[in-house]
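Every read-out reported here was derived from the displayed coordinates using simple, explicitly stated rules and does not represent laboratory data. Please read all numbers here as calculations on a predicted model, not as lab measurements. Every residue, glycine as well, gets a Cβ built from its backbone with ideal geometry; the counts of neighbours run over all protein chains shown.
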């Protein structure tokens with residue numbers, strides 16, 4: 001014991017020094033940040049945020065596959081029972097781990113994952129330990145649960161599952177339906193965050209809001225990214241109806257950060273905020289994008305936050321929609337720190353710049369190859385396709401663009417094709433390996449109606465589709481400026497990413 005006292009004393013000295021450096025800032029916030037910084041110093045620096053691959057250790061890989069197989073045997077993410085009773089029961093027997101830390105809850109139709117990753121990067125830059133829960137994954141299920149900006153390891157994923165498995169089985173035995181795949185993953189995330197422990201959780205809903213499994217947290221900040229038509233069979237046929245479900249994440253007394261919304265959706269969300277006495281900050285009103293310029297590898301932004309303007313912010317992501325996501329993320333973090341409510345001082349601009357410069361968003365306007373350039377984007381509904389088409393046109397200016405599209409059943413594929421028709425010279429339709437994938441032939445029938453038969457090529461296998469699209473792009477000679485966009489589904493993009501990264 002005596003040998004460890006000097007080390008402990010040194011840590012307390014370091015804590016006092018950090019607090020002393022923060023004399024011009026909110027004293028409570030300074031203490032919180034100082035405590036987190038000393039904790040992170042012991043844990044070591046974050047390891048970055050790569051998309052994880054299969055474990056190299058055969059035993060770990062085998063154990064992970066067993067967990068994946070058990071999870072796959074439950075209700076999938078598309079089969080839902082509109083209730084949080086099962087996840088609430090599981091949280092109860094686990095001791096309510098989701099209440100061990102404050103949360104930022106993110107809902108909306110498009111931009112949720114990118115916005116969540118930006119929020120996480122900002123919190124990390126201000127030395128807070130974070131947990132992030134997002135869905136779906138691009139390549140590995142372990143991506144969904146991140147600590148300090150990096151996906152948890154396969155070993156930790158397995159350990160977390162095994163730790164809560166007895167409690168899962170206990171709840172399964174008492175409920176009318178077994179816990180679903182998504183409910184179990186949500187419980188794993190909340191348990192992992194409590195075990196870490198984290199200072200803040202950034203939680204993306206799976207679908208909707210009111211009855212989404214994530215909605216057992218009391219998010220002090222609720223974020224609503226742009227709402228558009230998707231999952232209309234479950235959420236409603238208009239933006240206003242969909243907003244009714246998504247507004248369920250707005251809790252009593254919370255701060256609500258609203259991206260620009262259709263009028264009917266905005267009305268519903270504002271009414272909900274009034275009902276629960278929540279404070280609202282709206283894009284284009286209380287915060288927003290003041291200016292943006294295209295830059296090498298991304299864009300240069302001036303953002304107006306709740307506490308003031310932030311100039312010369314480099315964001316290494318393409319598209320106007322990403323700039324607006326950044327403004328939403330910044331406002332969310334300001335609200336989390338009490339800016340706009342308790343005080344009006346802006347966040348440290350250099351720290352904000354550092355955070356945004358570090359942001360990555362795999363599978364979202366991601367360049368994975370050059371000569372020809374291959375871009376991946378997970379747009380899977382018409383609104384997402386429209387902003388992707390605009391971003392591609394703005395950022396790349398391809399002289400000829402070949403599309404590779406693989407979609408899931410039940411999506412508005414025609415709307416997606418119509419959004420891309422002006423920018424695709426040709427489109428290669430294909431299918432990913434998911435059981436939910438729309439067949440290439442079915443996709444081709446719709447594509448021909450939009451593009452005409454001469455602009456459509458059918459390749460049932462994704463690897464063949466990628467090869468065909470790259471060949472078509474290469475026909476334009478070495479300096480022709482042709483490119484390839486792979487899109488239509490997160491699953492398609494994830495499988496393409498894996499194929500292209502290995503080639």
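General remarks:
- Paramagnetic reach from residue 390 (point 7 Å along Cα→Cβ, amide N under 11 Å) across the range 405-422: none
- Exposure proxy ranking, count of Cβ atoms within 10 Å, fewest first, for 177, 182: 177, 182
- Whether the range 233-284 is rounded, prolate or oblate, judged on the alpha carbon gyration tensor where a/c under 1.5 counts as rounded: oblate
- Label-to-label distance for residue 173 and residue 83 is 1.9 nm, based on points extended 7 Å past Cα in the beta-carbon direction.
- Compared with the direct C-alpha span, the chain from residue 454 to residue 271 gains 60.9 nm at full extension, assuming 0.36 nm per residue.
- Distance in nm between pseudo-label sites at residue 155 and residue 311 (7 Å out along the Cβ direction from Cα): 4.9
- Rounded FRET efficiency, nearest 0.05, which uses the C-beta distance separating residue 344 from residue 252 and R0 of 25 Å: 0.55
- Exposure proxy shown here: for 451, 396, the number of other Cβ atoms within 10 Å sets the order, fewest to most, as 396, 451.
- You can think of it this way: the chain between residue 93 and residue 464 has 128.7 nm of extra reach, that is 0.36 nm per residue less the Cα-Cα gap.
- Judged by the gyration tensor of its Cα atoms, with axes a ≥ b ≥ c, the range 165-215 is oblate; a/c meets the 1.5 cut and b/c is at least as large as a/b.
- Spread over its residues, the convex hull of the C-alpha atoms of the range 58-283 is 117 Å³ per residue.
- Per the Debye calculation on the range 366-502 with a single equal scatterer at every Cα and no solvent contribution, log₁₀ I(q)/I(0) for q = 0.14, 0.16 Å⁻¹ amounts to -0.52, -0.70.
- For a paramagnetic label modelled on residue 62 (point 7 Å from Cα along Cα→Cβ), amide N atoms under 16 Å away belong, within the range 144-159, to 155.
- Per residue of the chain, the DSSP helices (runs of n ≥ 4 H) give a summed -39500 (n - 2.57) that works out to -14000 deg cm²/dmol at 222 nm.
- Tail weight of P(r) past 19 Å, computed on alpha-carbon pairs of the range 262-362, percent: 45
- Scaled radius of gyration (Cα, divided by 2.2 N^0.38 Å) that the range 115-245 gives: 1.11
- Spin-label model distance (nm) - residue 369 vs residue 501, 7 Å beyond Cα toward Cβ: 1.5
- Residue 264-residue 285 FRET efficiency (beta carbon distance; Förster radius 22 Å; 0.05 resolution): 0.80
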